Amino acid sequence: MKRIEEVTEKKRRVRQMMESEGLRALYLKTQSNFSWLTGGGLNLVGIAMELGAAGILITPDREYVVCNNIEAPRIAGEEQLEDQGYEIHSYPWHSDRERETVTELAGGAGGIGADFGFPDARNVAPLVARLRFSLLPPEVERYKELGRLASLALEQTAATVRPGDKECEVVGRLAARLWADRLDYITTFCAADDRIARYRHPIPTETAIGKRAMLCVNARKWGLIVSLTRFVQFEPVSEQLRRIYNANVEIDCTFMANSIPGTPVVEAFRRGVERYRELGFADEFELHHQGGAIGYVGRDYRANYQSQEIVEENQAFSWNPSITGSKSEDVMLATSDGPQMLTKPAFFPTLTMEVDGHVFTRPDILVVS
């Protein structure tokens, strides 16, 4: 499938949703939806902002990019969206005519949907998000490449860590490796020693690393996001840590093995929580969310007992179970042939586990002597 065929299929999904919801036009401006609909294009200025600087307006028979005159030259020159059938409409940056431009192109007010709180429009962000869940073949290939690059960057960084390094220094080195391949770092954690057990979200500090460290990253390229976690330490792995780490990985594999297309995601969630109990860590799942669907946002939804979603074919998931002092996190693709890993160890030592009929190769702790 070529990029133009990918984009055409996505426009078809959008227009089908518009028809079923009675919308005359749909305005998409979040970074996630812009990247999804354009096959990896970028409308961002700030990497941490949800809304981009240009929006896409879809009508039953036309497609437009709406932005101010600051953004129009780059959108036209680098994103090349006119090749995908979009007409670029810009307005002077000082006129604040976005609302008027969208209304004009949509054929008047009323019947407009949007993926954010746009004036006089119906917010249909949850409906648009569902259109992204089932990934197309070109997206899967881009996702695999992103997974390879992110895993390599994280593990290469972990291999450079030495006692005395500050957590923030380590994250700085990770950022440099990610940016070398134009990967945005959306979220980064680095925890030294007892901070691993004390905090589920250990934002990097100036704490010096002593005996061990945990590195986590949410990295983005082409709009797609991966989440992964790796551990490094400078002393042999104790029996207690080995038990905890292996159990954590097994729980993660349980979530993944039960993320089966056509089945409720709550079934995978319940099975993973059961595995906590079976392995002697019944209460640990209460201390942090367990992850869920991923793709063009860090989590499309976090699975829990109330989840109503059905796992879709070629939908990505990042489960992130944690037991105090440990965590397991990578990205998988749910398929009818079983889970496929989108992130995997680049050169870290590995663990091989068979869980619920599926064999997984997962990263082990890197011990540096």
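No value in this document is a laboratory result; all are computed from the given coordinates. In this text, all values refer to a predicted model and were calculated from it rather than measured experimentally. Counting neighbours? That spans all protein chains shown, and the Cβs are built from the backbone with ideal geometry, glycine included.
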Note to self: C-alpha centroids of the range 53-107 and the range 179-248 sit apart, in Å, by 40 Å
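Using a Förster distance of 41 angstrom, determine the FRET efficiency expected from the C-beta separation of residue 235 and residue 141, and round it to 0.05. It would help to have the intermediate numbers written out before the result.
Numbers: r = 40 Å, r/R0 = 0.98.
For residue 235 and residue 141, the calculated efficiency is 0.55.
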Which lysines have a Cα less than 26 Å from the Cα of residue 10, not counting those fewer than 8 places away in the same chain?
2, 29, 144, 221
Among 185, 276, 199, rank each residue by its count of other Cβ atoms within 10 Å, from fewest to most, as a rough exposure measure.
199, 185, 276
So if I take the centroid of the Cα atoms in the range 249-280 and the same for the range 294-330, what is the distance between those two points in Å?
11 Å
Label point distance in nm, residue 271-residue 289, each placed 7 Å from Cα along Cα→Cβ:
2.2 nm
I want to check the label-to-label distance for residue 104 and residue 20. Put each point 7 Å from Cα in the C-beta direction and report it in nm to one decimal.
3.4 nm
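Rank these for me by crowding, 251, 70, 196, 365, going from fewest to most other beta carbons within 10 Å.
70, 365, 196, 251
For the chain, what does the helix formula give at 222 nm: sum of -39500 (n - 2.57) over DSSP H segments with n ≥ 4, over the residue count, nearest 500 deg cm²/dmol? Mind dumping the intermediate values first?
Working: 9 runs with 118 residues, N = 369.
After summing the helix terms and dividing by the residues of the chain, the value is -10000 deg cm²/dmol.
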Could you calculate the FRET efficiency of residue 2 with residue 336 from 1/(1 + (r/R0)^6), where r is the beta carbon distance between them and R0 is 35 Å, rounded to 0.05?
0.90
Which residues does the label zone of residue 74 cover in the range 34-53, counting backbone N under 15 Å from a point 7 Å along Cα→Cβ?
35, 41-53
Candidate lysines - alpha carbon under 16 Å from residue 211, same-chain residues fewer than 8 apart omitted
166
